[in-house]
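In what follows, a single structure is set out as structure tokens and then discussed.
The values are calculated or read from the model by the stated rules, or taken from the named source; none is laboratory data. Predicted model, so just to flag it, every value in this text is computed and none were measured. Cβ placement follows ideal geometry from the backbone for every residue including glycine, while neighbour counts extend to all protein chains displayed.
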Amino acid sequence: MNSEEYMIRNAKPEEFDAVGKLMINVYSQLDGFPKQDEQPAYYNMLANIGKLAGKPETELLVAVSAKETIAGAVVHFNDMQFYGSGGTATSEKNAAGFRLLAVDQRWRGKGIGKLLTKACIQKAKDKNLSQVIIHSTKAMQTAWKMYEGMGFRRSEDLDFMQGELPVFGFRLYLGK
């Protein structure tokens, strides 16, 4: 399957546990990314990812196949005050953001991450926001390259430390 065969939609409450497991699986396997015993609160947040969807202006998006198989997910924020990261990102105005993009390893290389990213960018455009803000780490080089290829640029003012892990900020200006 390629990305054209996937639909992006909001996750259903009965899918929240499966999405949490997908995210834990993806993030725990990243080389150089903290493991569950090193950052238990982070992994608890991943396990309970559906709780983020209950915040205002926040959506848990999934990429699903025609058979409703979840290939990937991301949390989109139309209002940065609900973004929940360290650093200054939550004080950004006229901006959307997304976090926790994860693609099941069985479906990597098929454009699912790009499809989810494009959906978040479109949501920001639909709200007439001027920028999209994201964060990445050195352990996420594949995603980092994809974001830069889509026009995101490093924005050091958004960088922060998550425990001992450096987290790097990016912006995509939407030309408004």
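When we screen Leu115, Leu165, Leu61, Leu129 for residues that are crowded, with 19+ Cβ neighbours inside 10 Å and either more than 22 Å from Phe16 (Cβ to Cβ) or without any contact (Cβ under 8 Å) to a residue 40 or more places away in the chain (or both), the only hit is Leu129. Residues in region 136-144 include at least one that is closer than 21 Å to Ile8 by Cβ and over 11 Å from the mean Cα position of the chain (by Cα). Taken together, the residues in region 129-146 that are out of contact with any helix residue (DSSP H, G or I) (no Cβ under 7 Å at 6 or more places or on another chain) and farther than 17 Å from Phe77 by Cα amount to 8. With the requirement that a residue be over 24 Å from Asp159 (Cα atoms) and touching a Leu at 6+ places or on another chain (Cβ under 8 Å), what does region 80-118 give you? Once the filter is applied, which keeps residues that are over 24 Å from Asp159 (Cα atoms) and touching a Leu at 6+ places or on another chain (Cβ under 8 Å), region 80-118 yields only Asp104. Just one of the listed residues (Ala66, Ala71, Ala47, Ala53) is more than 24 Å from Ala95 (Cβ to Cβ) and under 14 Å from the mean Cα position of the chain (by Cα), namely Ala71. Restricting Gly109, Gly86 to those that are in a loop (DSSP other than H, G, I, E, B), loosely packed, with under 14 Cβ neighbours inside 10 Å and modelled with pLDDT under 95 reduces the list to Gly109.
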